[in-house]
1. With the condition being surrounded by fewer than 13 Cβ atoms within 10 Å (Cβ to Cβ) and acidic (Asp, Glu), I'd like the strands (runs of 3 or more DSSP E) fully within the chain carrying at least 1 qualifying residues.
2. Do the conditions hold for residue 22, that is, is it touching a strand residue (DSSP E or B) at 6+ places or on another chain (Cβ under 7 Å), modelled with pLDDT of 95 or more and closer than 27 Å to residue 62 by Cα?
Amino acid sequence: MTELTELVEHGQLFIGGEFTDPLGTEVIEVISPHTEQVIGRVPHASEGDVDRAVAAARRAFDEGPWARMSLDE
């Protein structure tokens with residue numbers, strides 16, 4: 001089994017189709033269920049980040065093709 005020698009770190013959130021800096025500075029450590037070691041760190045999305053993501057999703061639905069698609073599509 002190969003051991004991870006480098007942490008995977010992502011400093012941005014993916015909101016509205018692009019990577020963007022989080023509003024806060026907190027991070028979440030990603031733990032391997034196999035080794036129980038930290039294998040990465042990702043930003044902790046704040047309430048403001050969630051609001052931005054929901055607004056972007058609403059815009060994508062209202063202004064994009066989603067609302068006009070049939071169930072088959």
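The values are calculated or read from the model by the stated rules, or taken from the named source; none is laboratory data. This is a predicted model, so every value here is computed, not measured. Note that we place each Cβ from the backbone using ideal geometry, even for glycine, and neighbour counts take in every protein chain shown.
1. 18-20, 27-31
2. It is true that residue 22 is touching a strand residue (DSSP E or B) at 6+ places or on another chain (Cβ under 7 Å), modelled with pLDDT of 95 or more and closer than 27 Å to residue 62 by Cα.
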